[in-house]
Structures are given as C-alpha cells and as structure tokens.
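Visitor: Here's a structure for you.
The values are calculated or read from the model by the stated rules, or taken from the named source; none is laboratory data. No experiment lies behind these values; they were computed from the predicted model shown. No Cβ is skipped: glycine too gets one built from the backbone with ideal geometry, and neighbour counts run over all protein chains shown. Surface areas here come from the heavy atoms of the whole protein model, side chains and all, with no ligands, DNA or RNA. Shrake-Rupley method; radii C 1.70, N 1.55, O 1.52, S 1.80 Å.
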Amino acid sequence: MANATPPPISPVLARPSPSFRLHSESLNSLRLRRVFDLFDRNGDGEITVDEICQALDRLGLGADPAELTATVAAYIRAGAAGLAFDDFQSLHRTLGDALFGDPPSGGEAAEEEDMREAFNVFDENGDGFISAKELQTVLDKLGLPDGQSIDRVHQMICSVDRDRDGRVDFAEFKHMMHTITVQSN
C-alpha cells in the first residue's frame, strides 16, 4: 500500500494549469483516466516515472526525473514499478488539495466552464471551431497515433460533426463529451 505521508510539493508542480482539477467529478475522472492511458505507453497498467517524464517532454513540460521521483514515490505501492490508476488518482487528488484547497463544487455553470476550457485546448486559433488540422496538431503533441493520419482525423471530426460543416463547434463538442461521460460511468 502507498505511504500515508506525501512528500512536499515540487516547485515544478507548484504552477498547475487551472484545469488541473475540473468542477465536474465525472469529467475529472474520465479526463484522468485518459491521461493515465496516455502516459502508460506500454499498456501494462502502471505509469513509471520514466513514462511520466516522456509524456511531459512530449507536451513541452519537461520535468526533472529526480524531483518527479521524490513526488511520485510515496504513491507507488510496495513491489510495483509504477503508479496503478488508483495510485495516480490519489496523487492527483493530493496535489490538487495541496495546490488549490478543497475540491471545487459542481454545478452546471462550473461544468460549462470546464467544457469551454477543454474545447479551447483544441480550438487553437480561437475561432470557435475545432478543425481537422487543429485536432491533428493536438493529437500530435500528445503523441497519439491517430494524429499521424489526416484521414483518421477527418473521421473523428465527422463522427461528432452534427451540422456537417467539417468542423466541431462548442455545442457538438459538449454533446460528444456528455456522451463519453455517460458511456464511461
């Protein structure tokens, strides 16, 4: 089992994104699972410090492996090589509590804000739409293989593009996110 006392928060981790912890618990859990799966490059169900460093490097957020090890080690179960998903959730929750205080309260306005922030990650030019090129750019940054094929990216866009204009607007994005959240609960 993981140690009970987490180490002090690293200065590198002390400047989190405002989206570190979303208001909607179901969206937060879904997003955290996706991040875990993204970091778990070899698919063994554990995230090692090396895998975390590689993922952060791909995102342009390089981290010092020694500092990361000091922060993460307390959450790795005895005999394990890395963080299991439950351990990753505990680490995320502890860091969120240390950096932001009590978890944010839910509510429709807060969920809408979370959705808008997530949408804006993809809408790089701020025009209110996610184009295939913008989606491909984000997928490439994350190191996801779907980003390597523009045809696959167009398929992804078409799967949520309800008005068939070749782009995803906020309403379509929100509908997709609600569908994913419902299906994963």
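Visitor: What are the residues in the range 68-80 that are part of a helix (DSSP H, G or I) and either surrounded by 15 or more Cβ atoms within 10 Å (Cβ to Cβ) or without any contact (Cβ under 8 Å) to a residue 40 or more places away in the chain (or both), if any?
Guide: Result: Leu68, Thr69, Thr71, Val72, Ala74, Tyr75.
Visitor: Something else about it: Can you find a residue that is within 28 Å of Leu139 (Cβ to Cβ), assigned to a helix (DSSP H, G or I), of a type in the set (S, T, N, Q) and at pLDDT 80 or above anywhere in the range 81-95?
Guide: Within the range 81-95, one or more residues are within 28 Å of Leu139 (Cβ to Cβ), assigned to a helix (DSSP H, G or I), of a type in the set (S, T, N, Q) and at pLDDT 80 or above.
Visitor: Just the residues that are farther than 14 Å from Leu144 by Cβ, open to solvent by 50 Å² or more (accessible area, probe 1.4 Å) and more than 16 Å from the chain's Cα centre (by Cα), please, taken from the range 36-61.
Guide: Selection gives Asn42, Asp44, Asp50.
Visitor: Could you list, in sequence order, all residues of the range 154-169 that are part of a helix (DSSP H, G or I) and more than 19 Å from the chain's Cα centre (by Cα)?
Guide: Residues satisfying the conditions are His154, Gln155, Ile157, Cys158, Ser159, Val160.
Visitor: Between a residue in the range 142-167 that is modelled with pLDDT of 90 or more and open to solvent by less than 90 Å² (accessible area, probe 1.4 Å) and any residue that is part of a loop (DSSP other than H, G, I, E, B) and of a type in the set (Gly, Ala, Ser), which pairs come within a Cβ distance under 7 Å, given they are 6 or more apart or on different chains?
Guide: Matching pairs, first to second residue: Ile157/Gly166; Arg167/Ser131.
Visitor: Taking into account only those residues within the range 170-184 that are among the aliphatic types (A, V, I, L, M) and either within 15 Å of Glu112 (Cα to Cα) or part of a strand (DSSP E or B) (or both), which is modelled with the lowest pLDDT?
Guide: Met177
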